[in-house]
1. I'm trying to understand the selection: among the residues of the range 105-126, which are without any contact (Cβ under 8 Å) to a residue 60 or more places away in the chain and crowded, with 23+ Cβ neighbours inside 10 Å?
2. Could you please tell me which pairs satisfy a Cβ distance under 7 Å, a separation of 6+ or placement on different chains, a first residue in the range 155-172 that is of a type in the set (Ser, Thr, Tyr), and a second residue that is surrounded by fewer than 17 Cβ atoms within 10 Å (Cβ to Cβ)?
3. In the range 132-155, how many are crowded, with 18+ Cβ neighbours inside 10 Å and either within 16 Å of Ala64 (Cα to Cα) or of a type in the set (Asp, Glu) (or both)?
4. For the range 92-103, enumerate the residues that are within 7 Å of the ligand (Cβ to nearest atom) and surrounded by fewer than 23 Cβ atoms within 10 Å (Cβ to Cβ).
5. Checking the condition within 24 Å of Ala67 (Cβ to Cβ) and surrounded by 14 or more Cβ atoms within 10 Å (Cβ to Cβ), which residue from Ala35, Ala13 passes?
6. Are there any pairs, at least 6 apart or on different chains, whose C-beta atoms fall under 6 Å, with the first in the range 19-33 and under 14 Å from Val176 (Cα atoms) and the second of a type in the set (S, T, N, Q) and more than 11 Å from the ligand (Cβ to nearest atom), and if so, which?
7. When the range 23-57 is examined, which residues are found to be within 10 Å of the ligand (Cβ to nearest atom), assigned to a loop (DSSP other than H, G, I, E, B) and among the aliphatic types (A, V, I, L, M)?
8. Is at least one residue of the range 68-77 out of contact with any Pro (no Cβ under 8 Å at 6 or more places or on another chain), assigned to a loop (DSSP other than H, G, I, E, B) and either near the ligand (Cβ under 10 Å from one of its atoms) or closer than 20 Å to Val99 by Cβ (or both)?
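The values are calculated or read from the model by the stated rules, or taken from the named source; none is laboratory data. Computed from a prediction, not measured in an experiment: that's the story for all the values here. A quick note on method: Cβ atoms are made from the backbone with ideal geometry, for glycine too, and the neighbour counts reach across all protein chains shown.
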Amino acid sequence: MAVGDVSTFDRFARVYDLLMPAARRSKLQAGLALAERPVERVVDVGGGPGRAVRAIDADCRVVADPARGMLAQAQTHGLGAVQGDGSRLPIRNSVVDAVIVSDALHHIADQRGVLEEARRVLRPGGVLVVREFDPTTLRGRALVAAERVWGFDSTFYSPDALRADVDAVGLDGQVVEHGFGYTVAGVARTENGNPKAEESE
Ligand SMILES: C[S@@+](CC[C@H](N)C(=O)[O-])C[C@H]1O[C@@H](n2cnc3c(N)ncnc32)[C@H](O)[C@@H]1O
């Protein structure tokens, strides 16, 4: 885990929640629409104050984040909160309809581990939706530089590299939107292949 990034977000959680604009529902919805089952249970990994998951309708909305300050903010918005690293989620196999990772993957050291965990917790027909920034664009290069100056330990994927890794963990990946802010989604078409997989119902 990029511990420095987590402690910064922990410290500035209230300010972050106050200053950041609401997430754009249509951007997330374009990825969630690929789900092949109703989207009722959603986990927002690296969700901070739950900016992304707050923009969508679902019966059960949970933020998973290692920063306690961020989880406290998420709870003020009526969201469920679990503390944990995105690459080791304290969530059972095959119990979630959608996993969102919005503006967070580049802050997480074990990015492939996050994708594998998403695959593990998704039910068949469930979808992973990642919103990220393309480091090959002009604004992306500026963002990479700005995060270095700020002291973040960030690593950015290009859309095609992320889609390839989403495929590699066993999800059916596609780039839903290109651009500085882009979306990659991956659908779980089968049971997650883990013999210990359990349906929770
Ligand atoms: C830029 S904030 C984004 C928060 C939220 N997703 C949003 O869109 O506003 C990045 C978040 O990633 C979280 N984070 C950092 N390292 C993490 C890790 N290893 N696992 C899960 N989340 C992590 C931080 O605590 C922070 O809440």
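1. Just the residues of the range 105-126 that are without any contact (Cβ under 8 Å) to a residue 60 or more places away in the chain, to begin with: 105-106, 111-113, 116.
Across the range 105-126, the qualifying residue is only Leu105.
2. Between residues of the range 155-172 that are of a type in the set (Ser, Thr, Tyr) and residues that are surrounded by fewer than 17 Cβ atoms within 10 Å (Cβ to Cβ), the close pairs are Ser158/Thr136.
3. Total meeting the criteria: 3.
4. So the first thing to find is which residues in the range 92-103 are within 7 Å of the ligand (Cβ to nearest atom), and the list is 102-103.
Across the range 92-103, the qualifying residue is only Asp103.
5. On the way: Ala35 fails: within 24 Å of Ala67 (Cβ to Cβ).
After applying the criteria, what remains is Ala13.
6. Matching pairs, first to second residue: Gly31/Thr183.
7. Hits for the range 23-57 are Ala23, Ala52.
8. Checked against the condition, which is being out of contact with any Pro (no Cβ under 8 Å at 6 or more places or on another chain), assigned to a loop (DSSP other than H, G, I, E, B) and either near the ligand (Cβ under 10 Å from one of its atoms) or closer than 20 Å to Val99 by Cβ (or both), the range 68-77 yields no hits at all.
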